[in-house]
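Have a look at the structure below, then the notes.
The values are calculated or read from the model by the stated rules, or taken from the named source; none is laboratory data. These numbers come from a predicted model, not from an experiment. With ideal geometry, Cβ positions are generated from the backbone for all residues, glycine too; neighbour counts draw on all protein chains shown. Only protein heavy atoms, including side chains, enter the accessible area calculation; ligands, DNA and RNA are left aside. Shrake-Rupley method; radii C 1.70, N 1.55, O 1.52, S 1.80 Å.
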Amino acid sequence: MEKLMTNRLKQAFPYLLLAPAVLPLVYISGLVYPYVTTKTFLLQGIGIVALAVFAYLALAGQSFFYGRLRAPLAWIPFALLAVAYATSAFGIDFYRSFWGLFDRGDGLLTSTVITIFFYLILLSADRAFLERLVKTIAVVAGVVAVIAVLQWITTVFSENAWFLPPVNGRIGSTFGNAAFLAGYLGMSLFVILLVLRDAVGVWRRVYSASAVLSVFAILLAATRGTILALILTGTVALAYAAWRGE
């Protein structure tokens, strides 16, 4: 029985690590904060479960890539989290800093869970898992971008679609916030381009559409910081390509 449980947890563990990549699609209507809070609660809950499963597997003798922790760069997320805790401890309201705002969940707890996910992936991921992860991110980002574009189309024609999240001001897709949407698509765009590099056939067209729609959605979100970041990174990328002659 114990061996059976260990095998099942071993099979479920990679899916727990993949789950955060799908959370941008989660939207539950009828809640006070249906956009971000639901995602945050699920992220925290899945992170706690994933950490518990990892601890069980480690104690059961499952092998992980502990040697990766010897790389100095691997400790950067932990160092950033430690700085965040230290500054919050000397701040005005550590309780508020830890839990964050209810409608955003941007406190130390969420940062801690994200850091835990990083190290769980670092210690357990192989090439097959990483390929599955980046492909999942690329597809989910494409769906989020499609929803954003459809929201913009409905607002242009002053219509409402029952299957789309309502728009209040600027488009926010499943995030309900233009800045969150642009930030997410801005980061995932580089993952899409990474996947697109080696894609073939129909998947290449899918990832190409995801990239184009992501840029279009970022522009429609009208978030100045993300647009400036895209211009800056695009300029650096073009300068680097020209310098390398590729």
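Could you work out [θ]222 nm for the chain from helices alone, using -39500 (n - 2.57) per DSSP H run of at least four and dividing by all its residues? Round to the nearest 500 deg cm²/dmol.
So the calculated ellipticity at 222 nm is -24500 deg cm²/dmol.
Please compute the length gained on full extension between Lys10 and Ala79, using 0.36 nm multiplied by the number of residues separating them and subtracting their Cα-Cα distance.
That works out to 21.9 nm of additional length.
Quick check of the Kirkwood formula: for the stretch 203-245, what is the inverse mean of 1/r over all pairs of different Cα atoms, in Å?
The Cα-based Kirkwood calculation yields 11.7 Å.
Would you mind calculating the relative contact order of the stretch 1-90 from Cα pairs under 8 angstrom and at least 6 residues apart, reporting the percent as a whole number?
Averaging sequence separation for qualifying contacts and normalising by length gives 26 percent for the stretch 1-90.
Can you compute the label reach from Ala229? Point 7 Å from Cα along the Cβ direction, backbone N cut-off under 14 Å, restricted to the stretch 72-87.
None, by backbone N distance to the label point.
Along its three principal axes, how long is the stretch 1-103 when you only count alpha carbons? Whole Å, largest extent first please.
That works out to 46, 40, 22 Å along the principal axes.
Calculate the FRET efficiency for Ser29 and Phe90 from the Cβ-Cβ distance with a Förster distance of 51 Å, rounded to the nearest 0.05.
Working from the Cβ atoms, E equals 0.80.
Taking every Cα atom in the chain, find the radius of gyration and the maximum pairwise distance Dmax, and write them in Å.
Cα radius of gyration and Dmax of the chain are 20.0, 60 Å respectively.
Counting pairs of alpha carbon atoms under 8 Å apart in space and at least six apart in sequence, what relative contact order in percent does the chain give?
Computed over the chain, the figure is 19 percent.
Given that compact globular proteins tend to follow 2.2 N^0.38 Å, what is the ratio of the alpha-carbon Rg of the stretch 141-246 to that value?
1.16
Hey, what did the stretch 161-223 get for relative contact order, percent, Cα under 8 Å, at least 6 apart?
Once divided by the residue count of the stretch 161-223, the mean separation gives 38 percent.
On the protein heavy atoms, probe 1.4 angstrom, tell me the percent of accessible surface of the stretch 115-246 carried by carbon and sulfur.
69
Report the full-extension gain for the segment Trp203 to Phe190: residue separation times 0.36 nm, less the Cα-Cα distance, to one decimal in nm.
3.0 nm
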